[in-house]
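Report on the structure given below.
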Amino acid sequence: MTCEITREPININDVFQKVVRREAGAVTTFIGTVRELTHGRKTLYLEYEAYQSMALKKMEQIVKEMKEKWPVVEVAMVHRIGRLEITDIAIAIAVSSPHRPEAYEANRYAIERVKEMVPIWKKEHWEDGEEWIGNQQGTKEYATGKPKEGDLVE
Amino acid sequence: MTCEITREPININDVFQKVVRREAGAVTTFIGTVRELTHGRKTLYLEYEAYQSMALKKMEQIVKEMKEKWPVVEVAMVHRIGRLEITDIAIAIAVSSPHRPEAYEANRYAIERVKEMVPIWKKEHWEDGEEWIGNQQGTKEYATGKPKEGDLVE
Amino acid sequence: MNKVLLFAQLKENAGKSFIEINAAGKTVGELRAYLEKKASLGSLDGIMIAVNEEFAKDEKVIGEHDEIALIPPVSGG
Amino acid sequence: MNKVLLFAQLKENAGKSFIEINAAGKTVGELRAYLEKKASLGSLDGIMIAVNEEFAKDEKVIGEHDEIALIPPVSGG
């Protein structure tokens, strides 16, 4: 399966293996890990929640978009949900390609699109509180965590 | 050790683990694999040879350059030498950073510099012959497999 | 009846993961106004509405068994 | 004496991984011309010369125990 949402720890070698092939000379991976400090505030742990069926559908859509833009790439993408500790892997994206420019460009495209329109949310837990990031009170993430005009159906 | 040259198979999880840290939210890896077809010609296997002491020195220099350009990154880099089969990993570069733009940019910089000035050579073995790529007869790689003016000492 | 799925802060505010209302025939824009008035979820400013797992514009008309979801700005990745 | 390390095609052509010559006092450029004439390695066009593991310009003067290496265009990665 190209796209996956899991509650288990992500093994990056598994994600890598999904895109390895005889025609590929370049594989890029992006691995998002849980960072301890954000804007100077210390995170204890995170919780991720997904609208799972739609999130998978949107991840598959991103892969389709990538193959339209870069027909030579193969893609694998996995997002973890549930409770994650500092340095745990939240997302891994692997892109293989015959040559490296496409592998870098398509990979970068994938993570930007995920952050824009895949319905997954994180709740940060700090020593002195907790908050859903990108929530309706407005945060730094607010402006980017929104699908584009073209992503909407009438 | 940040940079390594090995005759053993490369484990990308090991390379990834070297750069994971609490301050990092983004890790990119570049994994160069042995491709079967180059310019339509079918490779059976490759052999890599290194001027090992200088290659390590140049890899460490690239890491130093990266940290000057992107002070927030951590880097790990390993190149395999000896005989490699199709889909084997020849090189893995991992870069961690608090945020993703630096992780992508620095990673791309690393592989371009490796291909430019780290004294490692590959010999392609085909069904009907073999050749050192970038050799003195001149090949496609010829123009890029050369250090820049600033890399020379008088 | 239509299920309206709630996530993240909205789910916590409501204390449940969905509400049920009859939204068939309403547009997405009308549903939004209705929910803001009646569902005590607070302001839905910046909340997207998805219909059958696709982000929907305000003009879209909701069908009888369509699955609705309120989508706060996402923060995955 | 100075070791001159050979790699890749040059090593195969020479049938050995280094040659020894007395290059102390010569510049890198002079060494190159000397090797082309005497070492039967073929043309050294496009071959870089490294001195003590650093790429060297033609003007660099070689010292007594410096390690020399002939570096064909690289093809790692």
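Among the listed residues D:Ala56, D:Ala8, D:Ala50, which satisfies the condition of being crowded, with 21+ Cβ neighbours inside 10 Å, at the interface with chain B (Cβ under 7 Å from one of its Cβ atoms) and within 22 Å of B:Glu131 (Cα to Cα)?
Going through D:Ala56, D:Ala8, D:Ala50 in turn, just one is crowded, with 21+ Cβ neighbours inside 10 Å, at the interface with chain B (Cβ under 7 Å from one of its Cβ atoms) and within 22 Å of B:Glu131 (Cα to Cα): D:Ala8.
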(message) Please verify whether B:Met117 is under 24 Å from B:Gln61 (Cβ atoms), within 7 Å of another protein chain (Cβ to nearest Cβ) and of a type in the set (A, V, I, L, M, F, W, C), treating the condition exactly as stated.
(response) yes
(request) Just one of (1) small (Gly, Ala, Ser); (2) assigned to a helix (DSSP H, G or I); (3) within 14 Å of chain C (Cβ to nearest Cβ) trips up A:Ala106, so point out which. (result) (3)
(request) Kindly list the number of the only condition in (1) among the hydroxyl-bearing types (Ser, Thr, Tyr); (2) farther than 16 Å from A:Val78 by Cα; (3) in contact with a strand residue (DSSP E or B) (Cβ under 6 Å, 6 or more places away or on another chain) that fails for A:Thr29. (result) (2)
(request) From the list C:Ala23, C:Ala50, C:Ala69, pick out the single residue that is modelled with pLDDT of 95 or more, part of a loop (DSSP other than H, G, I, E, B) and within 11 Å of the chain's Cα centre (by Cα). (result) C:Ala23
(message) Based on this model, can you work out whether D:Val74 counts as closer than 18 Å to B:Lys57 by Cβ, in contact with an Asp or Glu (Cβ under 9 Å, 6 or more places away or on another chain), open to solvent by less than 20 Å² (accessible area, probe 1.4 Å) and β-branched (Val, Ile, Thr)?
(response) yes
(request) Can you work out which of the residues in the stretch B:75-88 that are touching a Phe, Trp or Tyr at 6+ places or on another chain (Cβ under 9 Å) and assigned to a strand (DSSP E or B) is nearest to B:Met1 (Cα to Cα)? (result) B:Ala76
(request) Output the number of the condition that D:Phe18 fails; it satisfies all remaining conditions of (1) touching a Phe, Trp or Tyr at 6+ places or on another chain (Cβ under 8 Å); (2) open to solvent by 50 Å² or more (accessible area, probe 1.4 Å). (result) (1)
(request) Could you please give the count of residues in the stretch A:78-129 that are closer than 14 Å to C:Gly76 by Cα and small (Gly, Ala, Ser)? (result) 4
(message) Given the criterion among the β-branched types (Val, Ile, Thr), farther than 24 Å from A:His99 by Cα and surrounded by 20 or more Cβ atoms within 10 Å (Cβ to Cβ), identify the matching residue among B:Val73, B:Val15.
(response) B:Val73
(request) Among the residues of the stretch B:22-49, write down those that are at the interface with another protein chain (Cβ under 7 Å from one of its Cβ atoms) and among the basic types (Lys, Arg). (result) B:Arg22, B:Arg35
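The values are calculated or read from the model by the stated rules, or taken from the named source; none is laboratory data. Keep in mind it's a predicted model, so treat the numbers as computed, not measured. No Cβ is skipped: glycine too gets one built from the backbone with ideal geometry, and neighbour counts run over all protein chains shown. Note: accessible area is taken over every heavy atom of the protein model, side chains too, but ligands, DNA and RNA are not part of it. Shrake-Rupley method; radii C 1.70, N 1.55, O 1.52, S 1.80 Å.
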